[in-house]
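Chemist: Here it is, the structure, as structure tokens.
The values are calculated or read from the model by the stated rules, or taken from the named source; none is laboratory data. Everything quoted here is computed from the prediction, not taken from an experiment. Neighbour counts are summed over all protein chains in view; Cβ atoms, including those assigned to glycine, are modelled from backbone coordinates with ideal geometry. Only protein heavy atoms, including side chains, enter the accessible area calculation; ligands, DNA and RNA are left aside. Shrake-Rupley method; radii C 1.70, N 1.55, O 1.52, S 1.80 Å.
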Amino acid sequence: IDSVYLENPDFDLYTDSLDYSTITKVAITKGRTLGVSADGDSLKTNTGFLYKSLEKYSEVYDGWIKTADYEIKGDLLVADDSTKFYSGDGNIEMWSYSDSLTVYGEHARYYKNESQVYVYENAYLKKLMQGDSLFIRGDTLKSVQNDEKNIKYLSAFHNVKLYKSDFQGAADSISY
């Protein structure tokens, strides 16, 4: 309790309060928590974090996860490294630094093995383009980015609307 620091080979953890079971290998923090992995990725939360070491499963409550390529923020972020499935629920914001892109929505699902991200419910994105912003809204946004297969595209479907300073449009679906 109070100013806890945990160091292990995978990450360093700073938190207000930590419960850890040596039998189940489950760590639960309460309050402000900062975790920094060995490769520089980080997570931060104001309310708590759950980590199941044996299952390689974690939950971040009211926080964010940041890597060199992206950042995601939400009310609940779940990372299941054993299945390569990641999700976020509630007030999702995702920033892709290399694409100058921000995506918003209530739910996000990332299937790492398929290199696919889905964002839905109040889903929209903002793309910075030559000093201007392009906004795309749809019921669902889908992104596929597979560098090995040289595949990179974004689709929006159902009730799509586009806005930019010099044009606007509407369609059932679009792909970029």
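Chemist: Looking at (1) exposed (fewer than 12 other Cβ atoms within 10 Å of the Cβ); (2) farther than 25 Å from residue 79 by Cβ; (3) touching a Phe, Trp or Tyr at 6+ places or on another chain (Cβ under 7 Å), which one does residue 137 not meet, given that it meets all the others?
Modeler: That leaves (1) as the condition not met.
Chemist: Any residue in segment 9-38 that's on the phi > 0 side of the Ramachandran plot: show its pairings with residues that are not in a strand (DSSP E or B) at Cβ separation under 7 Å, as long as the two are six or more apart or on different chains.
Modeler: The qualifying pairs are 25/53; 25/54.
Chemist: Considering segment 17-29 alone, what residues qualify as being in contact with a Ser or Thr (Cβ under 9 Å, 6 or more places away or on another chain) and over 17 Å from residue 42 (Cα atoms)?
Modeler: 17, 18, 19, 24, 25, 26
Chemist: Could you please find all residues in segment 155-170 being open to solvent by less than 90 Å² (accessible area, probe 1.4 Å) and either under 17 Å from residue 126 (Cβ atoms) or touching a residue at least 24 places away in the same chain (Cβ under 8 Å) (or both)?
Modeler: Within segment 155-170, 155, 156, 160, 162, 164, 169 qualify.
Chemist: Just need a number here: residues in segment 1-11 that are within 21 Å of the chain's Cα centre (by Cα) and surrounded by 15 or more Cβ atoms within 10 Å (Cβ to Cβ).
Modeler: Total meeting the criteria: 1.
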